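Trainee: The structure that follows is given in the form of structure tokens.
The values are calculated or read from the model by the stated rules, or taken from the named source; none is laboratory data. Since the model is a prediction, treat every value here as computed from it, not as a measurement. Cβ placement follows ideal geometry from the backbone for every residue including glycine, while neighbour counts extend to all protein chains displayed.
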Amino acid sequence: MDFNLTDIQQDFLKLAHDFGEKKLAPTITERDHKGIYDKDLIDELLSLGITGAYFEEKYGGSGDDGGDVLSYILAVEELAKYDAGVAITLSATVSLCANPIWQFGTEAQKEKFLVPLVEGTKLGAFGLTEPNAGTDASGQQTVAVKNDDGTYTLNGSKIFITNGGAADIYIIFAMTDKSKGNHGITASSSKTACLASLSVRKKTRWASILRRPWNSYSRTSKFRLKTCSAKKAKASRSL
């Protein structure tokens, strides 16, 4: 068995390394201390192609050309050497937002939500944690009520959401059937434009893994969903 990295895997590793050396290392101290979220820097990161490392070409990825999950992992790990927060920003977009849509979404959902995440034109987030539902996520209280036109109205609060307030596409967990307990929790994907009443209530800065005062890039937010509309779509597989 050959444990050496493939040429493609080495390419992704070098891509992340060069970005870390040229873009992250020179500014990490200032960004951490001042709590700066540099959108232009994040946009540049997303444009590198790392977000599509293991997804199929039909979704805008490099999976058909030799890219794989290890290529993505190597890139995230390398970025974390320079800025753990920016690595989490990337991994939240890919692992927590794009990947569930890829695994469980319909083709229509993939075309609408997955493609821009894979192509790096949109930032993703994952809305699960709530003020009273952290490690016990089954205790979440956000509800989604079905409307006559087949859409759902969401109401609730989420907290500690990585990329919250900055993301374009969110996966939101909500209770659709309280009688089923945790089996009544459903995940829906929505663009920020659809969440007209999503309001960011608090931006939180956390102590950096790099032991600097603040890790601004892993920006987390608390937000409230008030009569927020989401379209109904049958998943290809149940969560």
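Trainee: Checking SER47 against (1) crowded, with 21+ Cβ neighbours inside 10 Å; (2) in contact with a Gly (Cβ under 9 Å, 6 or more places away or on another chain), which test does it fail?
Mentor: SER47 satisfies every listed condition except (1).
Residues are listed down the side, and each one gets a yes or a no for (1) surrounded by fewer than 17 Cβ atoms within 10 Å (Cβ to Cβ); (2) within 14 Å of the chain's Cα centre (by Cα); (3) assigned by TED's automatic domain parsing to the domain that holds LYS22; (4) under 27 Å from ILE36 (Cβ atoms):
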{"residue": "SER71", "(1), (2), (3), (4)": "no, no, yes, no"}
{"residue": "LEU79", "(1), (2), (3), (4)": "no, no, yes, yes"}
{"residue": "ALA98", "(1), (2), (3), (4)": "no, yes, yes, yes"}
{"residue": "ILE169", "(1), (2), (3), (4)": "no, yes, no, yes"}
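Trainee: Here are the criteria: (1) in contact with a Pro (Cβ under 9 Å, 6 or more places away or on another chain); (2) of a type in the set (A, V, I, L, M); (3) at pLDDT 90 or above. Tell me which single one VAL94 does not satisfy.
Mentor: Exception for VAL94: condition (1).
Trainee: Would a scan of the range 113-122 turn up a residue that is surrounded by 19 or more Cβ atoms within 10 Å (Cβ to Cβ), at pLDDT below 95 and over 20 Å from SER47 (Cβ atoms)?
Mentor: Checking the range 113-122: not a single residue is surrounded by 19 or more Cβ atoms within 10 Å (Cβ to Cβ), at pLDDT below 95 and over 20 Å from SER47 (Cβ atoms).
Trainee: Can you name the residue in the range 135-146 that is of a type in the set (S, T, N, Q) and touching a residue at least 24 places away in the same chain (Cβ under 8 Å) and, of all such residues, is surrounded by the most Cβ atoms within 10 Å (Cβ to Cβ)?
Mentor: Among those that are of a type in the set (S, T, N, Q) and touching a residue at least 24 places away in the same chain (Cβ under 8 Å), it is GLN140.
Trainee: Mind telling me which of the residues GLY61, GLY20, GLY35, GLY52 ends up being buried (at least 20 other Cβ atoms within 10 Å of the Cβ) and over 19 Å from the mean Cα position of the chain (by Cα)?
Mentor: Testing whether each residue is buried (at least 20 other Cβ atoms within 10 Å of the Cβ) and over 19 Å from the mean Cα position of the chain (by Cα) leaves just GLY20.
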